[in-house]
Amino acid sequence: MSTPAPPGDWRPLDRRTVWLTALVTAGVAAGAAVPTTLGLAGRLGLGPAIAWVLAGAAVLITGSAGADLVRWRRTRYRVTTDRVDLHTGLLLVRKRSLARDRIRSVDLTAHPVQRVLGLVTVRIGTGEQSGGDSTLELDPVARAEGERLRRTLLERGAGRTPGHHREGELVTLDPRWIRYAPVSFVAPALGGAALGAVLQVSDWFGAQGRVIAWAGERFREFSPVTVVVIVASAALLAGIVGALGLWVEMWWNYRLEREPGGTLHLRRGLFTSRSVSVEERRLRGIDLVEPLGVRLLGAARLDAITTGLAKDDEDQRGGDRNTLLPPAPRPLADEVAAAVLREDTSPTTTELTAHPPAARGRRLRRALAAVLLPVLVLAVLGALLTPVLLWTALGCAVAGLPAARLLAREAYRGLGHGIGGRYLITRSGALRRSTAALERAGVIGWTVGQSWFQRRAGVLNVTATTAAGAGSYTVYDADASEGLAFAAEAVPGLLEPFLEPVPPGE
């Protein structure tokens, strides 16, 4: 077990990393052993196939453990008063260093085998977009050492954020939130992946033809439409089961708390535990996200708009490191947003300015065009090739036009912008509605865009640029004069020098 060391002393990774690598490699070998043995048994016989597989697994495990032993012996790290240093490598020693005053995140992750051994992977990042040079990864260290590093590296200079909200626990998991998992866009995607996996695995064993023939025999007496409905229903059911399992794995043991000194600490995960810390002084706002299915059930997700969460970090963490609250009832999401921002009420509850009817017309025309253009192509091909495409075009038109109209109206109802205290608010989206509350002091510039069609309609886009979150937040199709007035009021003095003065009497 790791023991505390004086600041500045070089320390090794946890020596149990060799056992960890051996166990993980053994698990991978065991997973590949069955199909490999079956594949070799047809040519060599069962006994020789098992012997070859066992010998290969032994070589793989021994080689992986030996390589990790060398990595462990040649890796050292230290934390000084002003830097974090990491040296690793055998023939070519790689030396990396991060200044402590530039560190923005210290995240802890532990997969199931690491959790059994009491180990974690510590990822220290500066939040810059320079790839691997902006992060240090200690893989693995003891959990106690990981927590010590997280507290030590994030507490430096952390002043208390103004506000009167409580410290400690802000919100914990309510198992009833799992009802929002099946209505997410993940379910149909997982269903399609499950169907593809069945075909892929059967192909590995040379049985794809037999699987397709077996399915054809079972559905021989059904019409093509019925077969499509049955297959789609089965895939959707598999997707729902997968979405439920994924939700449990990602969000079980969820807890959001505020630590002394002004750090938001989020923990979650059933098998793979994750720990993410967000300094409140880096927080620039929140984003209330409402995907269509979740929104229909009156729920929303809460994301942080913050500096110091680099894109490469998000990619390696699954893209949701900035999520503070999973889909939960909308009133609770507003309450958590207020607590996170240390406000009495959440800026997301601010009454927003509606956009002009021209914005509704633009969305309706775009939605109809998205349906009618493919229908037109199918109709032309049907007239030239086969009547089946004509019927397909008719079906797409009958189903697509009402859906497009509904989505266009929903997109228009979702448009809005306003100012709530220290925050400017933008809202947009139909399939994924986003209500972003961005701290006005965090806006570093404005971009005003107006296409030829927008000029004819009298609307424009106004984009607030910031160093946090997505980097830009746009008010789409606002009334031209009202949109510019909103930008000028939200951040006084930033846009006015570029506006043309209106002559008296106009």
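Worth a mention:
- Qualifying residue in segment 372-383 (condition: open to solvent by less than 40 Å² (accessible area, probe 1.4 Å) and in contact with a Gly (Cβ under 9 Å, 6 or more places away or on another chain)): yes
- Out of 22, 65, 49, 26, sole residue that is at pLDDT below 85, surrounded by 14 or more Cβ atoms within 10 Å (Cβ to Cβ) and not hydroxyl-bearing (Ser, Thr, Tyr): 49
For every residue, the table says whether it meets (1) at positive phi; (2) touching a Phe, Trp or Tyr at 6+ places or on another chain (Cβ under 8 Å); (3) among the hydroxyl-bearing types (Ser, Thr, Tyr).
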residue	(1), (2), (3)
437	no, yes, no
444	no, no, no
451	no, no, yes
456	no, no, no
475	no, yes, no
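- Residues located in segment 267-287, provided they are basic (Lys, Arg) and over 16 Å from the mean Cα position of the chain (by Cα): 281, 282, 284
Residue-by-condition table, conditions (1) within 19 Å of residue 338 (Cβ to Cβ); (2) buried (at least 19 other Cβ atoms within 10 Å of the Cβ); (3) charged (D, E, K, R):
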| site | (1), (2), (3) |
| --- | --- |
| 255 | yes, no, yes |
| 265 | yes, no, no |
| 268 | no, yes, yes |
| 271 | no, no, no |
| 299 | yes, yes, no |
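- All of (1) within 27 Å of the chain's Cα centre (by Cα); (2) open to solvent by less than 40 Å² (accessible area, probe 1.4 Å); (3) within 30 Å of residue 469 (Cα to Cα); (4) touching a residue at least 40 places away in the same chain (Cβ under 8 Å) hold for residue 98 with one exception: (4).
- All conditions but one from (1) farther than 18 Å from residue 295 by Cβ; (2) open to solvent by 20 Å² or more (accessible area, probe 1.4 Å) apply to residue 406; the one that does not is (1).
- Scanning segment 328-351 for residues that are surrounded by fewer than 17 Cβ atoms within 10 Å (Cβ to Cβ) and not in a helix (DSSP H, G or I) yields 329, 342, 344, 345, 351.
- Test result for residue 447, open to solvent by 70 Å² or more (accessible area, probe 1.4 Å) and touching a residue at least 24 places away in the same chain (Cβ under 8 Å): yes
- Among residues of segment 252-273 that are free of Cβ contacts under 8 Å to residues at least 24 places away in the same chain, those with a beta-carbon under 6 Å from a residue that is among the aliphatic types (A, V, I, L, M) at least six positions away or on a different chain give the pairs 270/248.
- Given (1) modelled with pLDDT of 90 or more; (2) touching a helix residue (DSSP H, G or I) at 6+ places or on another chain (Cβ under 8 Å); (3) open to solvent by less than 30 Å² (accessible area, probe 1.4 Å); (4) hydrophobic (A, V, I, L, M, F, W, C), index of the condition residue 124 fails: (1)
- Counting only residues that are open to solvent by 40 Å² or more (accessible area, probe 1.4 Å) and touching a strand residue (DSSP E or B) at 6+ places or on another chain (Cβ under 7 Å), segment 352-361 holds 2 of them.
The values are calculated or read from the model by the stated rules, or taken from the named source; none is laboratory data. If you're wondering where the values come from, they're calculated on a predicted model, not measured in any experiment. Cβ: placed from backbone, ideal geometry, glycine included. Neighbour counts: every protein chain shown. What goes into the accessible areas is simple: the full protein's heavy atoms, side chains included, and nothing from ligands, DNA or RNA. Shrake-Rupley method; radii C 1.70, N 1.55, O 1.52, S 1.80 Å.
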